[in-house]
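The values are calculated or read from the model by the stated rules, or taken from the named source; none is laboratory data. For clarity, every value in this text was computed on a predicted model and none was experimentally measured. Because the Cβ atoms are built from the backbone with ideal geometry, glycine has one as well, and the counts that use them run over all protein chains shown.
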Amino acid sequence: MTYSIVACDLDAREWGVAVQSKFLAVGAVVPYAAAEVGALATQALANLAYGPDGLDLLRQGRSASEVLTQLTAADDGRADRQLGVVDRAGASATYTGTACVDWAGGIAGPCFAAQGNILVSGETVEALASTFLASNGEPLVERLLACLRAAQAAGGDRRGQQSASVLVVREAGGYGGGSDRLVDLRVDDHPTPIAELERVFAIHRILFGQTPRSQWLNVDDTLRAEIADRLRTLGYAQEPLLDAFVAWVDTENYEERADGLDHIDPVVLAALRGEAG
């Protein structure tokens, strides 16, 4: 009832999982990932112990294939399980139990493992794999979302759609640098969950994405006057101007993109002008 891709970008040092299913809140069940460790997807009749136990094995230096073998060998219910693993070195493995409902299967390759069950056909998993390989060089989260989109177009879950999620981790890549969760987004119940997940990610990218500092704009007198005018129009008339700007930034959740007022991220300026989103 699910298709997923587990993958990594070794250049960016990112690991992640994307998944869609005719199942409520699939993001609470299938994906597991830890920065500089690896990632897993447990599905079909999911064994939730595979997630934490698999990450522990990966932390011990076990390869993806070793983790897959050890987890399934110790599980009397393995015939009903499906599992995808990518380790810290980009090695991968996928497993489909003999009792998983057709169509069921997986494809593993460098830096990815794609798998699905109760699918219209094997073309869904093939689309996951081919889209990932063809998108090399793009940000991992965008590759994973493209994989979901392509898999659905290829047929998807034969029972339909309900929920989707994407999880990407990078060391200190999360909010404020205080966590490794670079992106952790879930759509728990929606008629078109992949499209909704992409919509939510677009908001996430505006709020928490990064524009290279070399592309930030110098705040000269003309731009400073415009910023002051726009802030006053929005009800932020504090003095000095920086206090008004910070108050607006905090209200609109742009704190990850703001740093003083000598230079401004163009995404933040577009938002202040009412052009963002």
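The set of residues in region 33-71 that are touching a residue at least 60 places away in the same chain (Cβ under 8 Å) and over 11 Å from VAL86 (Cβ atoms) comprises ALA34, ALA35, GLU36, GLN43, ALA44. The residues of region 181-210 that are farther than 16 Å from ALA25 by Cα, hydrophobic (A, V, I, L, M, F, W, C) and either surrounded by 15 or more Cβ atoms within 10 Å (Cβ to Cβ) or in contact with a Pro (Cβ under 8 Å, 6 or more places away or on another chain) (or both), listed by number, are LEU182, VAL183, PHE201, ILE206, LEU207, PHE208.
Surrounded by 17 or more Cβ atoms within 10 Å (Cβ to Cβ) and either among the small types (Gly, Ala, Ser) or within 27 Å of ALA134 (Cβ to Cβ) (or both), is that true of THR72? No.
Do you know which residues across region 87-140 are acidic (Asp, Glu) and within 15 Å of CYS8 (Cα to Cα)? Full working, then the answer.
Taking region 87-140 first, the residues acidic (Asp, Glu) are 87, 102, 123, 126, 138.
Within region 87-140, ASP87, GLU138 meet the criteria.
Filtering region 158-197 to residues that are closer than 17 Å to THR2 by Cβ, modelled with pLDDT of 95 or more and of a type in the set (Lys, Arg) leaves only ARG186.
Within region 35-58, can one find any residue that is surrounded by fewer than 18 Cβ atoms within 10 Å (Cβ to Cβ) and under 17 Å from the mean Cα position of the chain (by Cα)? Yes, there is a match, as at least one residue in region 35-58 is surrounded by fewer than 18 Cβ atoms within 10 Å (Cβ to Cβ) and under 17 Å from the mean Cα position of the chain (by Cα).
The residues listed here are VAL125, VAL85, VAL101; of these, the one that is surrounded by fewer than 20 Cβ atoms within 10 Å (Cβ to Cβ) and either more than 20 Å from ARG170 (Cβ to Cβ) or hydrophobic (A, V, I, L, M, F, W, C) (or both) is VAL101.
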